Amino acid sequence: MKSRLPVAVAVLLSVVVLAGCDGQPDPRAYPGSESGVSWEEASARFQMTLPPCPVKEFHFDVQPRLTERLAFAFVAPKSCVDEFLKRYGDDPANPTRTWPIGEARPPYDEARPPFDADEMRQFGWTHDPKAKASLYTRLETPYHATFSAFVKSGPEETVYVRSRTSGFPDRSK
């Protein structure tokens, strides 16, 4: 009986360690997102939350702490998206860049997407340079993480959000 106890303890410890290493994937996570990290954990890490209204088609991607990337997408009414932008310090009426680009503006490459083309393809995010859209680059969280948001206009707006910096919690309080 003595010889079985160490084996049973070793098996039990192995199961506990393996369970802690790889939690169940969040069904809202994009493929390739950090394994076992839920939206709630990812949003707490960056202090970035979804708008207070119901959203549709929500998905997210978070990468390990060394990479520190958070990206997410959702669809919501314009008033809700505006509230989301204001909550993080950006002005819905004053985007950093708009599409389509008019002739009065400096010559930009209209076809260039607002985020890295490979990432956009990975997440299934689309960009039509001839469709009405806006880019906001001044979103900041209480932890000073900074984000950019690409908003595609429509009856309901499609929003793609991507972290630029991760920020750090203020531990002095």
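Using the Cβ-Cβ distance between Ala93 and Ala117 with R0 = 30 Å, the FRET efficiency computed as 1/(1 + (r/R0)^6) comes to roughly 0.60. Summing Lys and Arg as +1 and Asp and Glu as -1 over all other residues whose Cβ lies under 13 Å from the Cβ of Val75 gives a net charge of 0.
Quick one: which residues, 5 or more positions from Arg69 or on another chain, have an amide H under 5 Å from its amide H? H modelled 1.01 Å from N in the peptide plane, none for Pro or chain starts. Distant-sequence amide H within range of Arg69: Gln63.
The distance between label points at Lys78 and Glu57 comes to 1.8 nm (points 7 Å beyond Cα on the Cα→Cβ vector). Taking amide H as placed 1.01 Å from N in the peptide plane, the amide H of Ala133 sits under 5 Å from that of Trp99, Ser153, each at least 5 places away or on another chain. Rounded to the nearest 10 square angstrom, Trp99 shows an accessible area of 10 square angstrom against a 1.4 Å probe. Within the shell of other residues whose beta carbon sits under 15 angstrom from the beta carbon of Tyr136, the net charge comes to +3, with Lys and Arg scored +1 and Asp and Glu -1. Other residues within the sphere of radius under 15 Å centred on the Cβ of Val151, judged by their own Cβ, net out at +1 (K and R +1, D and E -1).
The values are calculated or read from the model by the stated rules, or taken from the named source; none is laboratory data. None of these values were measured; they are calculated from a predicted model. Neighbour counts are summed over all protein chains in view; Cβ atoms, including those assigned to glycine, are modelled from backbone coordinates with ideal geometry. Ligands, DNA and RNA are stripped out before the accessible areas are found, and what is left, the full protein with its side chains, is counted by its heavy atoms. Shrake-Rupley method; radii C 1.70, N 1.55, O 1.52, S 1.80 Å.
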